[in-house]
1. Between the alpha-carbon centers of region 101-169 and region 1-65, tell me the distance in whole angstrom.
2. DSSP beta bridges in region 2-218, what fraction antiparallel, as a percent rounded to 5?
3. Run the helix sum for the chain: -39,500 (n - 2.57) per DSSP H stretch of 4+ residues, divided by residue count, reported at 222 nm to the nearest 500 deg cm²/dmol.
4. What value in Å³ per residue do you get for the convex hull of the alpha-carbon atoms in the chain?
5. Calculate, in nm to one decimal, what residue 8 and residue 219 gain on full extension: separation in residues at 0.36 nm each, minus their alpha carbon distance.
6. If each residue's Cβ is checked for other Cβ atoms within 10 Å, how do 28, 57 rank with the fewest at the top?
7. May I ask you to sort 209, 139 by Cβ crowding, counting other Cβ atoms within 10 Å and putting the fewest first?
8. Which of 137, 121 comes first, and how do the rest follow, when ranked by fewest Cβ neighbours within 10 Å?
């Protein structure tokens, strides 16, 4: 394992080193020490490497991730895994606002709680939160899945498109055009896979969740209301 001391060597040197790991490399395991809440740690990675951050991070950790597995042994600031394309990001602690925002692929796992706007405008990413999520989560979520083992705050799934939301606990309120939907066999199967991949299969069973999705009224053209558009 390669060890990088962020306090001694600096953020620019860290990200430059990790960005250089394109294609085939035998330097596949990296450890970052002394992060001390620094912003933009391990952003823009595009190689099948494993990166462990030993401590909490600031804004946009692992943003735009492709292929890499990034684990934070602490909590993460706003925008963790923002615009993620593929790979896996695991936060052992809590995550601040808009975790996984605009994510297009890959898996984001948050072992603690997530703050407001978790999964905002998600476009294919899968997010598994072991704790609770804050208000306006999955706002304008287009595709992908959000799994919450705890409770959800106000206006869950407001202006939702086709993302799938699974919540085990209570939901304070649903946003515009978001409704509870039937759990069919394919959803139980999908959820079991997400719980396993999200390291939560020992904590919850698919049968304990409710599914939420779009009523498909907000963004559907209705010829009877043509004069109103």
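What follows is calculated from the coordinates using simple rules that are stated; it is not laboratory data. Keep in mind it's a predicted model, so treat the numbers as computed, not measured. Using ideal geometry, Cβ is built from the backbone for each residue, glycine included, and neighbour counts are taken over all protein chains shown.
1. Result: 25 Å between the Cα centres.
2. On the way: 7 of 48 bridges.
In region 2-218, approximately 15 percent of DSSP beta bridges are antiparallel ones.
3. Numbers: 3 runs with 26 residues, N = 229.
Computed mean residue ellipticity for the chain: -3000 deg cm²/dmol.
4. Numbers: hull volume 29.2 nm³, N = 229.
In the chain, the Cα convex hull volume per residue is 127 Å³.
5. On the way: separation 211, 0.36 × 211 = 75.96 nm, distance 5.13 nm.
Additional length available on full extension: 70.8 nm.
6. Values: 28 16, 57 30.
With the sparsest Cβ surroundings first, the list reads 28, 57.
7. 209, 139
8. Numbers: 137 34, 121 19.
In increasing order of surrounding Cβ atoms, one gets 121, 137.
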